[in-house]
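First comes the structure, then the notes that go with it.
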Amino acid sequence: MTMFSSRRRPSPRGVSRLRRALLTACALGLSPLAHAAFPERVITMVVPYAPGGAADALARVVAARMSVRLGATVIIDNRAGASGTIGASFVAKAAPDGYTMLYDATPYATNPHLFPKLPFAPTALRPVSLVAQTPNVLIVRKNAPFKDLADLIKQAKARPGKINFASGGAGTGQRLAAELLRQKLGLDMVHVPYKSGGPAITDVVGGQVDFMFGTVSATAPLVQGGKLRALAVSSRERAAALPRVPTVAEAALPDFEVYEWNGLFVPARTPDELVNKLQGALADTLKEDEVRKRFTELGATPIGSTPAQFADYLRQENARWAEVIRKGRIQLD
């Protein structure tokens, strides 16, 4: 009798299960050694919008500094189209190995209520962190007949259907901010959609439309240059770039608070260890003075939440905009 004779050998079925489990772990990059070595190559940060926009500008700041934090190059891959769903779908189908991230924005929470069917399931992506929040500014032309937001509301109530507002498109954050204001006050106003925010702002300057909500980065220089007047900002606190402009909450609606946001996602099956490593690198990045300064210049406030906090924020955003879109009968153009 040998000293090992009392041990039971694993059954063929058990060996097969173990082999499958090991192969699966290797395929997903789940081994502790793989995690310890991550990252070993270039990481791609997909921005599902065109270069030059607010999300793209912030993503490039984040990518540059995360590269330093992670010790690996983080590159930007712009995959624009269909309100961000093309890029999001690409990441949803990517390998869950930490090397492909999605830098998305507010449409992520509104698209499920605007599209008959998305090209990916929302559960196919995993929240990593809320990166930034950006308030909108309610702007009018420099010689508009509205003294302030209260006066705009008063005239809208007195002239149903006569006041109009612009936006960069039916499902944009600009449109939804104005729609929320309209619904809360029971106003009858006409929406004028544009293909993007730039032309919409131009027509507000020219007086073709009465007002719109625009981002701080796009509108503050025009307000400071005297081409536009700002009546209110949508954030809880006043914007640093426009400290004399009251919030909507101060001027008219105490519970009004709306932001456009940016957040980081990865494929759903990405292991916790990799998610935590990416989130930690991002959180440290957002604490850097130069990064915070650059975000402020772009009209954004850096956040840096945990995955759980971001998931909770997304649930709140999803529920709120679902109701606004339903009540407003909003559809994509």
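Quick grid of which residues meet (1) within 23 Å of Gly173 (Cα to Cα); (2) of a type outside the set (Ser, Thr, Tyr); (3) in the same structural domain as Val233 (by TED's automatic domain parsing):
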site: Thr270; (1), (2), (3): no, no, no
site: Glu273; (1), (2), (3): no, yes, no
site: Asn276; (1), (2), (3): no, yes, no
site: Ala283; (1), (2), (3): no, yes, no
site: Phe295; (1), (2), (3): yes, yes, no
site: Gly299; (1), (2), (3): yes, yes, no
site: Phe310; (1), (2), (3): yes, yes, no
site: Tyr313; (1), (2), (3): yes, no, no
site: Asn318; (1), (2), (3): yes, yes, no
**Asked** In this structure, does Ser305 turn out to be surrounded by 17 or more Cβ atoms within 10 Å (Cβ to Cβ), within 15 Å of Ala132 (Cβ to Cβ) and either touching a Gly at 6+ places or on another chain (Cβ under 8 Å) or not assigned by TED's automatic domain parsing to the domain that holds Pro122 (or both)?
**Response** no
**Request:** Determine if the stretch 122-129 includes at least one residue that is within 17 Å of the chain's Cα centre (by Cα), farther than 27 Å from Gly328 by Cα, β-branched (Val, Ile, Thr) and not in a helix (DSSP H, G or I).
**Result:** yes
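Scan the stretch 121-133 residue by residue and report those that are surrounded by 15 or more Cβ atoms within 10 Å (Cβ to Cβ) and of a type outside the set (D, E, K, R). So that I can check it myself, show each step before the final result.
Keep residues of the stretch 121-133 that are surrounded by 15 or more Cβ atoms within 10 Å (Cβ to Cβ), which gives 122, 124-133.
Those that are surrounded by 15 or more Cβ atoms within 10 Å (Cβ to Cβ) and of a type outside the set (D, E, K, R): Pro122, Ala124, Leu125, Pro127, Val128, Ser129, Leu130, Val131, Ala132, Gln133.
Kindly indicate the residue of the stretch 176-196 that is modelled with pLDDT of 95 or more and of a type in the set (D, E, K, R) and also nearest to the chain's Cα centre (by Cα) among those meeting that condition.
Initial filter on the stretch 176-196 (modelled with pLDDT of 95 or more): 176-192.
Now restrict to residues that are of a type in the set (D, E, K, R): 179, 182, 184, 188.
Working: Glu179: 19, Arg182: 23, Lys184: 24, Asp188: 29 Å.
Per the criteria, the residue is Glu179.
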**Condition broken by Gly173, with the remaining ones in (1) surrounded by 21 or more Cβ atoms within 10 Å (Cβ to Cβ); (2) in contact with a Phe, Trp or Tyr (Cβ under 7 Å, 6 or more places away or on another chain) satisfied** = (2)
**Asked** Does the stretch 53-71 include one or more residues that are under 20 Å from Pro135 (Cα atoms), assigned to a helix (DSSP H, G or I), touching a helix residue (DSSP H, G or I) at 6+ places or on another chain (Cβ under 8 Å) and of a type outside the set (A, V, I, L, M, F, W, C)?
**Response** no
**Request:** Working only within the stretch 134-146, note down all residues that are buried (at least 20 other Cβ atoms within 10 Å of the Cβ) and in a strand (DSSP E or B).
**Result:** Thr134, Pro135, Asn136, Val137, Leu138, Ile139, Val140
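If a residue has to be among the aliphatic types (A, V, I, L, M) and under 19 Å from Thr73 (Cα atoms) to count, how many in the stretch 267-307 make the cut? Spell out the reasoning first.
Keep residues of the stretch 267-307 that are among the aliphatic types (A, V, I, L, M), which gives 268, 274-275, 278, 281-283, 286, 291, 298, 300, 303.
Going one step further and asking which of them are under 19 Å from Thr73 (Cα atoms), we end up with 274-275, 278, 281-283, 286, 291.
Selection size over the stretch 267-307: 8.
What do you reckon, is Arg229 in a loop (DSSP other than H, G, I, E, B), charged (D, E, K, R) and either buried (at least 16 other Cβ atoms within 10 Å of the Cβ) or touching a Pro at 6+ places or on another chain (Cβ under 6 Å) (or both)?
No.
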**Which listed residue, of Phe256, Phe295, is among the aromatic types (Phe, Trp, Tyr) and assigned to a helix (DSSP H, G or I)** = Phe295
**Prompt:** Just a yes or no: is a residue in the stretch 154-171 in a strand (DSSP E or B), within 22 Å of Gly81 (Cα to Cα), at pLDDT 95 or above and outside the structural domain of Ser196 (by TED's automatic domain parsing)?
**Reply:** no
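The values are calculated or read from the model by the stated rules, or taken from the named source; none is laboratory data. Since we're looking at a predicted model, the values are computed, not measured. Using ideal geometry, Cβ is built from the backbone for each residue, glycine included, and neighbour counts are taken over all protein chains shown.
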